[in-house]
Amino acid sequence: MTKYKETRKLDDRFAPADIERRALDFWEADATYRFDKEAERANTFVVDTPPPTVSGSLHIGHIFSYTQTDVMVRYNRMRGKSVFYPIGWDDNGLPTERRVQNYYHIACNPTVPYDPDFKPVHDPKADKRTEVSRRNFIEACEELTAVDEKAFEDIFRQIGHSYDWSLKYTTIGKKAIRESQKSFLDLVEKGLAKSVEAPTMWDVTFQSAIAQAEIEDRDTPGFFHDIRFRVDGSDTTFTIATTRPEFLPACIAVVAHPDDERYKPFFGKKAIVPLFDIPVPIVPSEHAEPDKGTGIMMVCTFGDTADVAWWKQSGLPIKQIVGLDGRLMPIEYGTGAFVTLSPETAKARYNKLAGLKVKEARTAVVDMLRETGDLLAEPKPLTHPVKFYEKGSVPLEFVSSRQWFISILPYKKELIEMGRKIKWTPAHMQSRYEAWVDGLNQDWCISRQRFFGVPFPVWYAIDEKGLVNYDKPIYAREDQLPVDPMVDTPRGFDEAMRGQPGGFVGDKDVMDTWATSSLTPQIALAHAPLGHKLSLPFDVRPQAHDIIRTWAFYTIMKAFAHEHQEPWHEALISGFILDPDRKKMSKSKGNVVTPIDLLVKHSSDAVRYWAARAKLGIDTAFEEQIMEQGRKLTNKIFNAAKFVFMIVEKSGVDVSKPYINRITDPVDRSFVARLKETVDDANKAFAANDYAFALETTEKCFWDFCDNYLELVKGRAYSDTPDSAVATLMLVLDTLIRLFAPFMVFTTEEIWQCRPWAGNNELSVHRAAYPQSDDFDAVAGDEAVYETAVTVLNLIRKQKAENKRSLKTPIIALEIAAPEKTITWAELVRTDLLNAGNVRPDALFFSPQAGDITLVSCVLGEDEKKPA
RNA sequence: GGACGUGUAGCUCAGUUGGUUAGAGUACUACGUUGACAUCGUAGGGGUCACAAGUUCAAGUCUUGUCACGUCCACCA
C-alpha cells in the first residue's frame, strides 16, 4: 500500500497544481484504478470507452463528454464495483493519413520502393509533397500517432480520468488488427461479407470507396441546364433539365412518369442524346416526378443514388465515364455499350472531354451545347444538396469497382429490435438510432483503397494466364492472424510466387476504420488481463450523439453478427459543446483556448465541475464562468475542511475513536437528517445517470453546511462540551467529501488524506464507499430542529442587515413568535442560536403564535470596539 | 419534406408525477463582513415561462396548432 505523502497537513493556500501532482502520483503508485480480474461479473462495472481519434488535437468537447463518463464511472467504483474502464486511441484510418500527409508533406505511392533510411520531417515551409513507399508511409503514421497519443494521454491524466491505463490499446495495434480480421473472417463464414463489383460512392480526393454513414449532404451552388433531346425518327424534341450535363455521354435512358400525358406518346420510342447522337430508350418510371424540372429526366451511370437504383433494376449495361481519379476516362466511342449514330462526331467530341476533371468537362459540354444550339437557355443558378464524403471537399462520384460489403439491409428489423434491448439515456436517442437504421439503403462498404488501416486477411490466386481470380479469395486461418497479405503469404504458396502466373496476390485494400472501431468491446477484452471473467454485454457505452449512425450502429451490428446479443446494457449519450464565440475565436488567431490551457487556468476540478453541470444529451454552451464557479467551489471546500480540521484539533477530542455514536445533540442529529436526505437524492440521481443533479444537491447541502450549520455550532465546538459537535463535523465532512469525490477528484483526495482522523495508510477517497442512506439511520434526528434554527438565524441576520449593522453586533433583547411546536424545536437550539447570533444570554424570548416564525422585536447593542 | 429535440431573468441553466407569490448561479446596485474563506452574507431591480387555442378548481408542466433554432435523415432531374 502506498502512502499519500509524508506530511499529511493541508497547506495554508489552495494550490491546485500541487494538489493535482500529489494525487496523480499517489493514484499511479497505488494503482487506484486497476481492474481486479478476479472480480465476478456481477460485481464489475464494464465500460466501452470511446477511443478518441488521434488525428490532431483534443477538442474541448472531448473533455466535456469524457469527464461526464468519468464521473459516472467513479460513482460505480465507490459503490464497490470492480471497474473495467479501458482507454484506447483510434489511430487507423483516413483522418490520420490526412494529418500525416499534411504534417510531413508526404504522399503514399505504393509503387515506390521502401527506403529504410527515410526520416519524415515536419517542415511547415515545404511546398512539394514527397512520394514515399507504402511501408515508409505507414511508419510515418505510426511515428506521428505515437506523439499525438502521448499528448492525449497527458491531458486525460491531467483532468483526472480514472482509466486503467494498463488496458490501453490502439486500433492499429496488433491485437486490434487481429480482432478486426477475426471478425471479418467470421462474417465471411456466416455469409455476411462478400466482395462485389458494383457502383460505389467514391471520393476522388482520397481515392477511396466511402460508406453511407460517412457521407453528408451539403448545399452547393450549381446550374440548371435546359438541354434539347430529340425523339428518334421525328422532329419532335423535348427538354431535359439537368445539373450534370457532363453525364450526357453516360446517359442510358430517359424516363418520365407513366401518367405524364406530355410524355406518354414517347414511351417505347428512343431519344437521341445531343452532341453524341446516342439512342436511348424512353421509359415510363415512377421514379420521375412530373412537377420536378421538366418532368422528364435522363438516367446516367451514375449521377446519383437514384441512377444506381434505376440502373440495377433496368438490366442495361453500364457506361462508366468517370475514372477513379475523378477525370473522364478515355473511351473508344462506338464500341461496347457506347453506341452512337454518328461515331466520328461523337469520338471527336468525347476526345475533347477525356482527361478533364468532372467540373471541367461540365463547362466543356455546356460550350459544345451552346455551339450546336442544344442548350435552350443560359444555365440558371441554383443551390442544391450534393453528397460529399464528410471529410472531403469534392463531391462524391459513383464509380463501379470491386469492394467488400457487409450485408446489413436484410437485418434492419433485428438491429432495431436489438436497439430496444438497450437502455438509452436520454431515452429519445433510441429513436435517432431507429431512424438511422430505418433509413439505410445500402449495405456497408468496408473496403478502403488506403494504407494505414487493418488489411483484409485475404489473397487471390492468379491463374496460368496471369488473371487474378477474385471470385474465390484465399482466406487466412485464424491462427495466422494478424496478417498483412502484402507481406505474409497464404498457406501453400511462397513469397516468390507473389504476382506470378500460378501464384497469388494480396488484397491491397484496408478496412473502413469503423470496421475496427465497431469492435471496441471485443478489442478491450483482448487487452484485459488473462483469466478475467468479463464478456458481452458490457454495462455502458458512453458516446456523443453524432456517431449514433456510425459507432453505435456498427457496434450493435457486429455484436448482433458475432455474439447474437446487444453489446451493452446502456448507451449514455452526451451532448455537444456549442460555442457562441467559436467564429470569433478562430478568426482572432492565437486566442483559441486549448484544453490544457483551461486546466491550468481554472484547475482540473473546476473544468470537471463545468462538464458535470451539464446533463447527458444536452448541448451546452462553452462557458468559462462556470469553470470559475467550480474553482470557487473547490476553494470553499478546501477552506471549510481547513476550518473543520482546526476546530477538531483545538477541541482536544480524541479523533481515533469512532465518532458516530457520540452525536447526541438534537441540532447535530437534525443536520445529519438533512445530510441523509442529500445522500438519498444523490444516489437516486446517479442511479438515473443524472450526475448533474447529484452534484447540485451535494453543492446545495455543502453551502447550507457552511453558511448555517458551521456558524451554529462554532461556539459549542470551542466550548468545554464539544464532543457531539466535533463528532458531527467529522461525519459531515467525511460524507460531503465522498459526495464530491466523483466530481472534484483532486481537492477531495487531498482533503481526505489530510484529515486528522485519517489512517496512516488511508486508501484513496476514490475507493471509499459512496455514502448510503442507512449510514445515518442510527443518528438522524428530526430535520425540523435544524430548519427552525436556520430560520431564526436568518431573521436575526436580516434584522442586522436592514439596520446596516455588522453581523457581530450584539443583541440585547429579542422576541421571536412561532407555533408552540416550533418553539420546542427552537429551545433545543437555544445555546447555538445565542452563539451564532451574538445574542446576550437570557435576551432571547419565544412567544407562541399560529403561522410562520416571525421576529416580534429586536434591540441591537453597541458594536464592540476592535482591540487595536 | 420527415423524425427527434430545444425555446424559462442580460447571460448559462434547474424546474421531478399539473398545486401558494416561477428558482439557482452569474452579471448589475446598495449595505455589511473580511480571525475558515483569492471570500462570504443580506437586500434590491430584472420574467406575458416563444406565440395561440383547448382540457382543468388550478398549466412553465398536459393536448392541438403556429413560429424560431438545433441535430439527424430524405430530396438531388
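The values are calculated or read from the model by the stated rules, or taken from the named source; none is laboratory data. Here the structure is a predicted model, which means the values were calculated and not measured. Don't worry about glycine lacking a Cβ; one is built from the backbone with ideal geometry, like all the others, and counts go over all protein chains shown. Note: areas computed on protein heavy atoms with side chains; ligands, DNA, RNA excluded. Shrake-Rupley method; radii C 1.70, N 1.55, O 1.52, S 1.80 Å.
Structure summary
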item	result
Condition broken by A:Phe302, with the remaining ones in (1) out of contact with any Phe, Trp or Tyr (no Cβ under 8 Å at 6 or more places or on another chain); (2) assigned to a loop (DSSP other than H, G, I, E, B) satisfied	(1)
Number of positions in segment A:145-194 that are open to solvent by 20 Å² or more (accessible area, probe 1.4 Å) and in a strand (DSSP E or B)	2
Test result for A:Gln403, in contact (Cβ under 8 Å) with a residue 40 or more places away in the chain and either more than 16 Å from RNA strand B (Cβ to nearest atom) or over 24 Å from the mean Cα position of the chain (by Cα) (or both)	yes
Of all residues in segment A:203-219 being in contact with a Ser or Thr (Cβ under 7 Å, 6 or more places away or on another chain) and not in a loop (DSSP other than H, G, I, E, B), the one that is farthest from RNA strand B (Cβ to nearest atom)	A:Ala209
Scope segment A:383-394; condition open to solvent by 40 Å² or more (accessible area, probe 1.4 Å) and near RNA strand B (Cβ under 9 Å from one of its atoms); matching residues	A:His384, A:Pro385, A:Lys387, A:Glu390
Qualifying residue in segment A:751-763 (condition: of a type in the set (Lys, Arg), open to solvent by 10 Å² or more (accessible area, probe 1.4 Å) and either outside any loop (DSSP other than H, G, I, E, B) or under 30 Å from A:Lys821 (Cβ atoms) (or both))	no
Positions within segment A:642-652 being crowded, with 22+ Cβ neighbours inside 10 Å and in contact with a Phe, Trp or Tyr (Cβ under 9 Å, 6 or more places away or on another chain), in sequence order	A:Val648
Search result, residues across segment A:98-108 that are surrounded by fewer than 16 Cβ atoms within 10 Å (Cβ to Cβ) and either modelled with pLDDT of 90 or more or hydrophobic (A, V, I, L, M, F, W, C) (or both)	A:Ala107
Filtered residues of segment A:800-839 (kept if away from RNA strand B (no atom under 16 Å from the Cβ), surrounded by fewer than 15 Cβ atoms within 10 Å (Cβ to Cβ) and farther than 28 Å from A:Asp782 by Cβ)	A:Ile812
Matching strands (runs of 3 or more DSSP E) fully within segment A:248-295 where at least 1 residues are over 25 Å from A:Arg349 (Cβ atoms)	A:251-256, A:278-284
Single residue of A:Asn76, A:Asn92 found to be part of a loop (DSSP other than H, G, I, E, B) and either under 25 Å from the mean Cα position of the chain (by Cα) or within 24 Å of A:Gln543 (Cβ to Cβ) (or both)	A:Asn92
Of all residues making up segment A:608-623, the number that are of a type outside the set (Lys, Arg), assigned to a loop (DSSP other than H, G, I, E, B) and within 8 Å of RNA strand B (Cβ to nearest atom)	5
Qualifying position, being open to solvent by 40 Å² or more (accessible area, probe 1.4 Å), of a type in the set (Lys, Arg) and touching a Leu at 6+ places or on another chain (Cβ under 6 Å), among A:Arg402, A:Arg370, A:Arg349, A:Arg420	A:Arg349
Residue in segment A:44-57 that is nearest to A:Phe538 (Cα to Cα), counting only those that are modelled with pLDDT under 95 and open to solvent by 10 Å² or more (accessible area, probe 1.4 Å)	A:Pro50
Which listed residue is within 16 Å of RNA strand B (Cβ to nearest atom), farther than 23 Å from A:Ile240 by Cβ and surrounded by fewer than 14 Cβ atoms within 10 Å (Cβ to Cβ), from A:Leu409, A:Leu415	A:Leu409
Any hit, segment A:326-336, residues being of a type outside the set (Gly, Ala, Ser), open to solvent by 30 Å² or more (accessible area, probe 1.4 Å) and at pLDDT below 90	yes
Pair list, Cβ < 6 Å and 6+ apart or interchain, from segment A:532-550 residues that are within 9 Å of RNA strand B (Cβ to nearest atom) to residues that are part of a helix (DSSP H, G or I) and aromatic (Phe, Trp, Tyr)	A:Ile548/A:Tyr433; A:Arg549/A:Trp436; A:Thr550/A:Trp514
Subset tally (residues that are within 16 Å of RNA strand B (Cβ to nearest atom), closer than 28 Å to A:Asp232 by Cβ and open to solvent by 30 Å² or more (accessible area, probe 1.4 Å)) for segment A:352-367	1
Residue list for segment A:428-468, filter: over 27 Å from A:Asp91 (Cα atoms), more than 16 Å from RNA strand B (Cβ to nearest atom) and open to solvent by less than 60 Å² (accessible area, probe 1.4 Å)	A:Tyr460, A:Ala461, A:Ile462, A:Gly466, A:Val468
Segment A:8-39 - residue that is aromatic (Phe, Trp, Tyr) and buried (at least 19 other Cβ atoms within 10 Å of the Cβ) and, of those, farthest from the chain's Cα centre (by Cα)	A:Phe14
Lone unmet requirement of (1) touching a residue at least 60 places away in the same chain (Cβ under 8 Å); (2) open to solvent by 40 Å² or more (accessible area, probe 1.4 Å); (3) farther than 20 Å from A:Thr170 by Cα for A:His62	(3)
Every residue from segment A:603-633 that is touching a Leu at 6+ places or on another chain (Cβ under 9 Å), surrounded by fewer than 23 Cβ atoms within 10 Å (Cβ to Cβ) and β-branched (Val, Ile, Thr)	A:Thr620
Where a residue in segment A:34-55 is in contact (Cβ under 8 Å) with a residue 12 or more places away in the chain and its partner, wherever it lies, is in a loop (DSSP other than H, G, I, E, B) and among the β-branched types (Val, Ile, Thr), with Cβ under 6 Å and at least six apart	A:Thr49/A:Ile87
Those residues of segment A:272-329 which are within 13 Å of RNA strand B (Cβ to nearest atom) and among the basic types (Lys, Arg), in sequence order	A:Lys292
Hits in segment A:624-653 - residues which are more than 28 Å from A:Ala687 (Cβ to Cβ) and either among the acidic types (Asp, Glu) or under 26 Å from the mean Cα position of the chain (by Cα) (or both)	A:Glu624, A:Gln625, A:Glu628, A:Arg631, A:Glu649
